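Working notes for the structure below.
The values are calculated or read from the model by the stated rules, or taken from the named source; none is laboratory data. All of these numbers come straight from a predicted model, not from anything done at the bench. Note: ideal-geometry Cβ built from the backbone for every residue, glycine included; neighbour counts use all protein chains shown.
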Amino acid sequence: MRLTYTFLTGLFAAVLLLTSCEKIITLELDNAGAAVVIDAGLSDQGEIQVVRLSKTYDFTQPNKFNGASGATVVLTSNTGNVVNYTEVEPGIYNSPRIRGRSGVKYTLTVNLEGKTYIATSTMPDKVHIDSLTFKDYNFFGEKSRFVDVNYLDPRGAPNYYRYILRVKGKIEEDVVSEDRFNDGNEVANTIFYDLSDLERDDQIDVEFLCIDRNVYRYFYSLSQNMGGGGPPIAPSNPPSNFSNGALGVFSAYTSSRRTATIPD
Amino acid sequence: MPKILRFLLLVVVLLSFCKPSSAQNKFTLSGNVTDSETGETLIGASIRLSGTLNGGAVTNSYGFYSASMPLGDYELSVSFIGYNTVRQTISITKDTKLNFILIEDNKLDEVVISATKRDENISSAQMGLQKVNVREINSVPVLFGERDVLKTLQLLPGIKSAGEGNSGFYVRGGATDQNLILLDEAPVYNASHLLGFFSTFNSDAIKDVSVYKGGMPAQYGGRLASVLDIKMNDGNRKEYTAEGGLGLISSRLKVEGPIVKDKGSFMVSGRRTYLDAFLAFAPDSAISNNTLYFYDLNAKANYQLDEKNTLFLSGYFGRDKLGIADSFGFNWGNSTVTLRWNHLYSNRLFSNTSLIYSNYNYVIQNLSEDNNFEVNSSIKDFNLKQDFEYSLSNKHNLKFGVNAIHHTIAPGKLTSSGSSSVNQTNYEDRKGIELATYLSDEWTVTETLNLVYGLRLSSFSLLGPGNIKSYDEDGNITATAPYKSGEFVKSYLNLEPRISASYQLSPSSSIKSAYTRNIQNIHLMSNSTSTSPTDLYIMNSNNVKPEIADQIATGYFRNFNDDKYEFSAEIYYKWMQNQIEYRSGTDLRGNANVEADLLYGDGRAYGLELFLKKRFGKFNGWIGYTWSKTERLFDGINDGRWFYAKQDRTHDLSLVGIYKAGPRWTFSSVFVYNTGNAVTYPSGKYQINGRTVFYYTEKNGYRTPAYHRLDVAATLEGKPGKKLQSSWSFGIYNLYNRQNAFSIDFEDDPDDLTRTRVTQTTLFGIIPSVTWNFKF
């Protein structure tokens, strides 16, 4: 009976919407001239802050960090601090050990090959991650397991969050949310990355960041391009907070972290 | 506006009492044309007067005609495609009322030889109008064997499918929301089921389908690209009948009959899919508690009070339900109710008054304990229409009227229970009123020159209550103004001229030209590549201006071989203003400030449409070909350069063949080919936080691979003469299993993370279907 049923639903699923099939294809894509990409963050942890400066490259090339050398990178704050970054390897620019503060507006100025790219970001107030909990779902007989991120959202002010999920040390999901629908509440936000293939005692880790509105918008747009948050949209470059046409984003953020072990 | 109403009232009063001086020795012939078996009124039947006088009339949406002529003897012929022509000699000595009953010509496998007006397409001044025969809808092969008006329409030149298996359509470069879809005069907001794979129109319930691609007469307004005017069956006035069908996906049943014989009738038609019926057999409760189905219910009743008054009540109720046991629920649907009153003020002044209610809504439920919420969103219209048709003389037929529509859009009401982390939120409703008045004249200037010209004056006002925001260029709020209930926030007034002319070069050929301006005051916000039930409608406001389209079109029309073949070639050019796009990263869900993220620009569309149809005989069908371009220009998109709109397709070809092999077998086939969609592909890549991100340089600068497909179908009619008539329909969709691209995705290769790969998803390969239909 069970087998019959599985077959029947399988058949119907096949006949109706899931007759879809996927194949790998080759496309002739244009090769655009290289554009400048700045991936920069400033955390509230006392640590070496990193600016990754690179250039875009052709789609058919192997994935790599295409570092851009020889830039000057300077961080300033509206409280009068000035920090100079030094290039430690091609495209990687490090600060000394510093800590960003909530409420302070930071400006990052990058000068590369005679062009200047400027972005500002204000570090939001910190919200701490409380815990991680696992949640099991059953979609048409298919079991899946997701992780919920629990925290208390502060009432009143708009808050924007970014969640970086690492599974066995590797980044698997990088998503954002805002508190438009749950301002001031105990929030359990589900990260829709299926963990059901993991085995008992496997480790996962969630880094929980508070980000500003422009950074939220950047990552939200990025997730839309990748089909997150509903039906696919016509993709476009996410809105960067850098001037002068640079891709990428500069984010001043607070950070907290939790790890969890997969139960049965 | 009341001034306009008063003026119109005056016109009506004048027209009903005075007779034009030129008509002193002229009389009026009027009446109805109906089907002999069912008593259904026939829409668009032609009444022609023979002899020297070039005159006649065409029945309106209610089967009524009115023609003027001087004293004398006439030979009349009344014809309608698929029916035997009636000829009659008549002496006109006074105003005469004459009803015609036409007998359906069932011998469609034979060539119908008739000398009468089958060349309406040549002589009529109307341009850009396509009629779809319900018989054609029933013969053309379709996905899953589900007959579908909208999918048959997509096979005509100038009308394109919005995607694989999708009932959404693009007309001459318009988007899916720029089509005015009317079901018994009620606007239908979301005309599709199951995420677009089925249209909401059950073809059993449909009598007449007309689509205007341009040159819309002045009585239609409110959308930029097209008017799809669908009329439901009135119901059999003679006897009770039932018909239906059992299909792979759904079943249908229609019951109709007289309320009082020859006075009134009713029709009820229902359709339901039953995928979930199979789910219920599942031993696993996690599966059997899931729901997935839709239903449609069409109902109509009419009653003729006396010679001069008839009432019609029609309704449509349809709903899609999707649910995953204990965790998620989603349902959406339309309801429309139309109450109409036909009244004859005189035998030359016909009036119709309609009161229309239309409601589209959706509900999303998240049932999980700690995140539970329910979203309710709706768009509700109350619509009052008063239309008049006046037969001024045998040279002038006037149409005029007024229309008032009150819209209420509830973008979303978010409710949740105590244990939920989701806050209750009520987004402000928006109310608006559209007022319009029009006057249109169908003028037979000479024997060879015909004109339809008119004016439509339309206004839109956004009404309070509400906190109305203004935004700067970057989308920041600059001001918030509170308005009280009924206060006018912002009004727009527009004049929409319409003119369409035909000049007959010979009895079987003509050229036609048209200019049309259309205004659209209500806009669909959808940033996805496909339509979704949750797409949001917004109205004009202090930020959003009415969309405007100006279209010119000209064409050559020619019939061959005693009207057996019909050929047309049309070219059009369309300018569009105040088109809407979004900033990247716009979130349309529950966004009270969605207007902050809108960008406004222009559009242009132009093309050539060729159409060749064989209309009679054992074998009939058509070839439609369109060459077209659709582009948009926005300051903030594509560096301010023109880019292809998502509805742009360079080439679009449809071949349709229907062959009647004998009294019982009918075979049909459809082949379609079109240029791939304009899409945005990456032209490079980079890394953010160690993950691959794609770099885009040109919006919609690439094309998906060309789309093509061959479908076949066969229908076997039961033996004739039985009480229960039945038929089998067999179909194969995508016969040669073409792998058409539904989407193309770019991602890191999971087997080799140093590489990126391109995957193509195909939705439907080869799909067979079978349906059993019955009638008794």
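Structural remarks
- Every pair of residues 6+ apart whose Cβ atoms lie under 6 Å, when the first sits in the range B:306-330 and is assigned to a strand (DSSP E or B) while the second is basic (Lys, Arg): B:PHE312/B:ARG340; B:SER314/B:LYS300
- Within the range B:524-533, none of the residues are at pLDDT 95 or above and touching a Pro at 6+ places or on another chain (Cβ under 6 Å).
- Selection of the range A:243-264 for residues being of a type in the set (Gly, Ala, Ser) and either more than 15 Å from the chain's Cα centre (by Cα) or loosely packed, with under 14 Cβ neighbours inside 10 Å (or both) yields A:SER243, A:GLY245, A:ALA246, A:ALA260.
- Residue check, A:GLY103 part of a loop (DSSP other than H, G, I, E, B) and touching a residue at least 12 places away in the same chain (Cβ under 8 Å): yes
- Condition check for A:GLU178: within 12 Å of another protein chain (Cβ to nearest Cβ), within 11 Å of the chain's Cα centre (by Cα) and acidic (Asp, Glu): no
- Strands (runs of 3 or more DSSP E) within the range A:107-187 that include 2 or more residues among the acidic types (Asp, Glu) and more than 20 Å from A:GLY248 (Cα to Cα): A:129-139, A:142-152
- Residues within the range B:424-438 that are within 11 Å of chain A (Cβ to nearest Cβ) and part of a strand (DSSP E or B), tallied: 1
- Single condition B:ASN740 does not satisfy, out of (1) in contact with a His (Cβ under 8 Å, 6 or more places away or on another chain); (2) surrounded by fewer than 15 Cβ atoms within 10 Å (Cβ to Cβ): (2)
- As a summary of the residue check, A:LEU112 satisfies the conditions (1) within 30 Å of B:ILE744 (Cβ to Cβ); (2) crowded, with 16+ Cβ neighbours inside 10 Å except for the one numbered (1).
- Qualifying residues in the range B:78-114 (those that are assigned to a loop (DSSP other than H, G, I, E, B) and either within 30 Å of B:SER226 (Cα to Cα) or assigned by TED's automatic domain parsing to the domain that holds B:ASN347 (or both)) - the one modelled with the highest pLDDT: B:PHE80
- Between A:LEU209, A:LEU195, the distinction of being assigned to a loop (DSSP other than H, G, I, E, B) and out of contact with any helix residue (DSSP H, G or I) (no Cβ under 7 Å at 6 or more places or on another chain) belongs to A:LEU195 only.
- Pick from the range B:261-299, criterion modelled with pLDDT of 65 or more and among the hydroxyl-bearing types (Ser, Thr, Tyr), ranking: nearest to B:THR310 (Cα to Cα): B:SER265
- Residue check for B:SER628: at pLDDT 90 or above and touching a Gly at 6+ places or on another chain (Cβ under 7 Å): yes
- The set of residues from the range B:222-242 being outside any loop (DSSP other than H, G, I, E, B) and over 30 Å from B:PRO546 (Cα atoms) comprises B:MET232, B:THR241, B:ALA242.
- Subset of the range B:730-776 (residues that are in contact with a Gly (Cβ under 9 Å, 6 or more places away or on another chain), more than 8 Å from chain A (Cβ to nearest Cβ) and part of a strand (DSSP E or B)): B:PHE730, B:GLY731, B:TYR733, B:PRO768, B:SER769, B:VAL770, B:THR771, B:TRP772, B:ASN773, B:PHE774, B:LYS775
- You will find that of B:SER417, B:SER421, the residue that is in contact with a helix residue (DSSP H, G or I) (Cβ under 7 Å, 6 or more places away or on another chain), within 14 Å of chain A (Cβ to nearest Cβ) and touching a residue at least 12 places away in the same chain (Cβ under 8 Å) is B:SER421 and no other.
- The range B:662-700, residues that are of a type in the set (Val, Ile, Thr) and either in a strand (DSSP E or B) or more than 7 Å from chain A (Cβ to nearest Cβ) (or both): B:THR666, B:VAL670, B:VAL672, B:THR675, B:VAL679, B:ILE688, B:THR692, B:VAL693
- Between B:PHE201, B:PHE266, the distinction of being aromatic (Phe, Trp, Tyr) and touching a helix residue (DSSP H, G or I) at 6+ places or on another chain (Cβ under 6 Å) belongs to B:PHE201 only.
- Residue that is under 27 Å from B:ILE364 (Cβ atoms) and either assigned to a strand (DSSP E or B) or of a type outside the set (Lys, Arg) (or both), where the choices are B:ASP441, B:ASP381, B:ASP387, B:ASP474: B:ASP381
- Filtered residue count, the range A:151-168, keeping only those that are touching an Asp or Glu at 6+ places or on another chain (Cβ under 7 Å), hydrophobic (A, V, I, L, M, F, W, C) and more than 15 Å from A:ILE211 (Cβ to Cβ): 2
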